[in-house]
């Protein structure tokens, strides 16, 4: 893979196509949000978090805020992975200081009847993307995303963030019902991502935030197979935007994921060994991650050393500098600035 110079083509897109740069593109998961004072001021004007996500003017502004502050190579649309359950008829709300809450899991048949209308329900996210793309510089990429089916299902079953034990038990005790729920989520998620791509998203990301603790056969059935199905349906709709898959916490099973799921990049979490990243790169895919967000918050010489080590280890192949999880709310802005400067030289 040849070294190339920056051009009008977004560096992130070139990296996802296999190109290698003198320095990797950089963006951060949750770069838009609670770590920025301008976001907190904006958020204070919204009735609640869900209303904020569905307000294109506010959500576009939140998406663009970190792009104005930092020399990042990509913006990710401000939204939430739990908008699809709401579109399918489940009550979703956020408790201050506690996170998401979901009502009783709706009847599967009723949710299936809502699949086609779910994309129209989420149309404001498309408007947010159009607004951002119109304002974002052409050399900076715009990322759309969705929660992956299993992760979204865990919230729908549990009714809140938890240790996922109830959802995993449901997977064992009611495999047919879980498969039906995952199929509903595959269909609605694929439609949602197609809409995002047609609205200006140049990259699509699947967040499998809760991929840990699954036996190999279960991981195959409820993570790998649904991811493959989502991507196949997006491609069948004529969308060729590259995919980033993030099976967070999957450990050794990440290798299975990388080998089977037709993503252009695999996002790695904090525990990912250097050798795993190199193996995925040698298999023809880009990698992303895996800086510890706690280390980013902590700062100091250890942060500098880890940033340098990741770049040195993985920059011989297509590599996107990012975190192993999202930016924490109390991360000092100075640590973000220092890390980005270390990666970009700016």
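Each reported figure results from applying straightforward, stated rules to the coordinates on display, with no laboratory input. Bear in mind that the values here come from a model prediction, so they are computed numbers and not experimental data. All Cβ positions, glycine included, derive from the backbone under ideal geometry; neighbour counts span all protein chains shown.
A few points about this structure:
- Check on residue 166, surrounded by fewer than 17 Cβ atoms within 10 Å (Cβ to Cβ) and closer than 27 Å to residue 51 by Cβ: no
- Screening residue 230 against (1) surrounded by fewer than 24 Cβ atoms within 10 Å (Cβ to Cβ); (2) in a helix (DSSP H, G or I) leaves a single unmet condition, (1).
- Residue 181 vs. criteria more than 20 Å from the chain's Cα centre (by Cα), outside any loop (DSSP other than H, G, I, E, B) and touching a residue at least 60 places away in the same chain (Cβ under 8 Å): yes
- So residue 147, is it out of contact with any helix residue (DSSP H, G or I) (no Cβ under 6 Å at 6 or more places or on another chain) and within 30 Å of residue 37 (Cβ to Cβ): yes
- Scope region 24-42; condition crowded, with 16+ Cβ neighbours inside 10 Å and on the phi < 0 side of the Ramachandran plot; matching residues: 24, 25, 26, 27, 28, 29, 31, 32, 35, 36, 39, 42
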